[in-house]
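S.K.: Once you've had a glance at the structure underneath, I'll fire off some questions.
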Amino acid sequence: SPDEGWQVYTSAQAPDGKCLCTAVIPVQGTCSRDLRSHQLRQLMEKVRVGQRGTERRYHLRLLVKWLIYELNLGGGGLVGGGSFPLQQELKDKMTELLPLLPVLDQYKSDTRLIVHLKEEVRNLSGNLLAIQEEMGAYDYEELQQRVLMLEARLHACMQKLGCGKLTGVSNPITIRASGSRFGSWMTDTMTPSADSRVWYMDGYYKGRRVLEFRTLNDFMTGQNFVQHLLPHPWAGTGHVVFNGSLYYNKYQSNIAVKYHFRSRSVLVQRSLAGAGYNNTFPYSWGGFSDIDFMVDESGLWAVYTTNQNAGNIVVSRVDPQTLEVLRSWDTGYPKRSAGESFMICGTLYVTNSHLAGAKIYFAYYTNTSSYEYTDIPFHNQYSHISMLDYNPRERVLYTWNNGHQVIYNVTLFHVIKTSGE
């Protein structure tokens, strides 16, 4: 306080930004009994003690701030005139201690960062250990076996859910526009879902070239395919791929042919007794479509007609290994009045036309040997269907419609069966 005789002797700012002050105290305050001199000496002693270990950093920081306050702001002072060694000694200590403040702040920040990083590393190590334990629990073959088992269970579940009565067909989904007005395309109706190959057969008679695309995307872009050259030309468009083999009608005959893609060879061929061929009993659009092979949830079928049943559609269960006819049903529906047909869960569904305005008009149930007339809308977008087949693995209809490859989703009314029911 000025009333007590204190006054600022000098005040300046050092180049490094520090504030330097020199204060003069009254003459009567120089004795050792003076209260402020006693306080300053106590502070000096605390500074010396505080330098002895890093465990006193926090106390040292408070002490330095107290000194700054006493010297610069609080009105305290040192003995002026340079006549007391205490002034210079304390100034030297202040010079040494002031840089510690940012160091201590940085130390605290670094400590928090290190703690955070240690926690992150600990969490990462735990995650890696869990992954290692999960991956190490099974070898590759066991994992593959588990996947196959799950896939088999899923397929069995889809079989139960898939079987039922057809109640609706979705709007058409155009996959690609290619080829001539007539043809057929398909995927395997039985292989695991990982096999997504697509087979493509352009034309309806005398053709022998089958293109095999690796995936549906490759088919859409026309890339990544191999060619199979059949030993016998085909007739019609009623071909089907079942468990790695192509089933088709040999041109100018009623012979069924089983061609195996992997071995590129004919495994078996057999005549369908009495079946018409060479445009004797085709669908309404013609095209040598006398014999139509198809697959549903229960296996391989052949749809054709004979002179004995007056041109009405015959449905026959066929052994896929021997091509032997296991059982036949006479539906009573004239084949020349049908646009196309397909099998779902043992039921034959027939369209009334291959042109625009067609609908699913007739259903024959092989399990009860009965039929009914239906009225299920069917959008014929491109007005000329020359191939229509159901794929039970994907539960969709594959169609060749006037040079367009199209699919339809189906809606089935079904009852879920559980074990014991």
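The values are calculated or read from the model by the stated rules, or taken from the named source; none is laboratory data. All values reported here derive from a predicted model rather than from experimental measurement. Cβ placement follows ideal geometry from the backbone for every residue including glycine, while neighbour counts extend to all protein chains displayed. For accessibility, only protein heavy atoms count, side chains too; no ligands or nucleic acids. Shrake-Rupley method; radii C 1.70, N 1.55, O 1.52, S 1.80 Å.
S.K.: Restricting to the stretch 228-243, name every residue that is touching a residue at least 40 places away in the same chain (Cβ under 8 Å) and either open to solvent by less than 60 Å² (accessible area, probe 1.4 Å) or among the hydrophobic types (A, V, I, L, M, F, W, C) (or both).
M.R.: Across the stretch 228-243, the qualifying residues are Ala235, Gly236, Thr237, Gly238, His239, Val240, Val241, Phe242.
S.K.: Same structure again: Is at least one residue of the stretch 118-137 open to solvent by 50 Å² or more (accessible area, probe 1.4 Å), in a strand (DSSP E or B) and either modelled with pLDDT of 75 or more or of a type outside the set (Phe, Trp, Tyr) (or both)?
M.R.: Kept after step one, since they are open to solvent by 50 Å² or more (accessible area, probe 1.4 Å), are these residues of the stretch 118-137: 118-125, 127-137.
So of that shortlist, the ones also in a strand (DSSP E or B) come out as none.
Looking through the stretch 118-137, none of the residues is open to solvent by 50 Å² or more (accessible area, probe 1.4 Å), in a strand (DSSP E or B) and either modelled with pLDDT of 75 or more or of a type outside the set (Phe, Trp, Tyr) (or both).
S.K.: Tell me, which residue of the stretch 151-161 that is modelled with pLDDT of 60 or more and not aliphatic (A, V, I, L, M) is most open to solvent (accessible area, probe 1.4 Å)?
M.R.: It comes out as Arg153.
S.K.: Within the stretch 277-298, track down each residue that is open to solvent by 10 Å² or more (accessible area, probe 1.4 Å) and in contact with a Pro (Cβ under 7 Å, 6 or more places away or on another chain).
M.R.: Those that are open to solvent by 10 Å² or more (accessible area, probe 1.4 Å) and in contact with a Pro (Cβ under 7 Å, 6 or more places away or on another chain): Phe288, Glu297.
S.K.: I want to confirm something. Restricting to the stretch 168-183 and keeping residues that are in a loop (DSSP other than H, G, I, E, B) and among the hydroxyl-bearing types (Ser, Thr, Tyr), which single residue is farthest from the chain's Cα centre (by Cα)?
M.R.: Ser180
S.K.: What pairs can you find where one residue is in the stretch 124-152 and over 14 Å from Pro192 (Cα atoms), the other is at pLDDT 70 or above and of a type in the set (Lys, Arg), and their Cβ atoms are less than 9 Å apart, with a gap of 6+ or different chains?
M.R.: Taking only residues 6 or more apart or on different chains, the pairs are Tyr138/Arg146.
S.K.: Moving to a separate point now. Going by the structure shown, is Gln321 open to solvent by 50 Å² or more (accessible area, probe 1.4 Å), touching a residue at least 40 places away in the same chain (Cβ under 8 Å) and of a type outside the set (Phe, Trp, Tyr)?
M.R.: It is true that Gln321 is open to solvent by 50 Å² or more (accessible area, probe 1.4 Å), touching a residue at least 40 places away in the same chain (Cβ under 8 Å) and of a type outside the set (Phe, Trp, Tyr).
S.K.: May I pose another question? Out of the residues in the stretch 207-227 that are assigned to a loop (DSSP other than H, G, I, E, B) and farther than 20 Å from Arg264 by Cβ, state the one that is most open to solvent (accessible area, probe 1.4 Å). Reasoning before the result, please.
M.R.: Taking the stretch 207-227 as the starting set, the residues that turn out to be assigned to a loop (DSSP other than H, G, I, E, B) are 207-208, 214-215, 222-224.
This time we only want the ones that are farther than 20 Å from Arg264 by Cβ, so: 215, 222-223.
On the way: Thr215: 40, Gly222: 26, Gln223: 105 Å².
Among them, the one singled out is Gln223.
S.K.: Here's another thing I want to ask about it. Go through (1) in a strand (DSSP E or B); (2) in contact with a Ser or Thr (Cβ under 7 Å, 6 or more places away or on another chain); (3) under 15 Å from Leu388 (Cα atoms) for Met186 and report which single condition fails.
M.R.: Condition (2) is where Met186 drops out.
S.K.: Oh, and also: For the stretch 192-218, what are the residues that are within 21 Å of the chain's Cα centre (by Cα) and either of a type outside the set (Asp, Glu) or at pLDDT 95 or above (or both)?
M.R.: Residues satisfying the conditions are Pro192, Ser193, Ala194, Ser196, Arg197, Arg214, Thr215, Leu216, Asn217, Asp218.
S.K.: Checking Ser196 against (1) part of a strand (DSSP E or B); (2) in contact with a Ser or Thr (Cβ under 7 Å, 6 or more places away or on another chain), only one condition comes out false. Which one?
M.R.: (1) is the only condition that Ser196 fails.
S.K.: When you go through (1) touching a helix residue (DSSP H, G or I) at 6+ places or on another chain (Cβ under 6 Å); (2) assigned to a strand (DSSP E or B) one by one for Phe281, which number turns out not to apply?
M.R.: (2)
S.K.: Just the residues that are surrounded by fewer than 19 Cβ atoms within 10 Å (Cβ to Cβ), free of Cβ contacts under 8 Å to residues at least 60 places away in the same chain and closer than 17 Å to Gly222 by Cβ, please, taken from the stretch 162-200.
M.R.: Ser196
S.K.: Name the residue that is most open to solvent (accessible area, probe 1.4 Å), counting only residues in the stretch 244-271 that are part of a loop (DSSP other than H, G, I, E, B), touching a residue at least 40 places away in the same chain (Cβ under 8 Å) and touching a Leu at 6+ places or on another chain (Cβ under 9 Å).
M.R.: Asn254
S.K.: Additional query: I'm told Gly274 meets every condition in (1) crowded, with 17+ Cβ neighbours inside 10 Å; (2) out of contact with any Leu (no Cβ under 9 Å at 6 or more places or on another chain) except one. Can you identify the failing condition by its number?
M.R.: Every listed condition holds for Gly274 apart from (1).
S.K.: With the requirement that a residue be part of a loop (DSSP other than H, G, I, E, B), open to solvent by 60 Å² or more (accessible area, probe 1.4 Å) and under 14 Å from Tyr408 (Cβ atoms), what does the stretch 337-390 give you?
M.R.: Scanning the stretch 337-390 gives His379, Gln381.
S.K.: Ala310 is checked against (1) hydrophobic (A, V, I, L, M, F, W, C); (2) over 22 Å from Gly276 (Cα atoms); (3) at pLDDT below 95 and fails just one. What number does that condition carry?
M.R.: Status for Ala310: all satisfied but (2).
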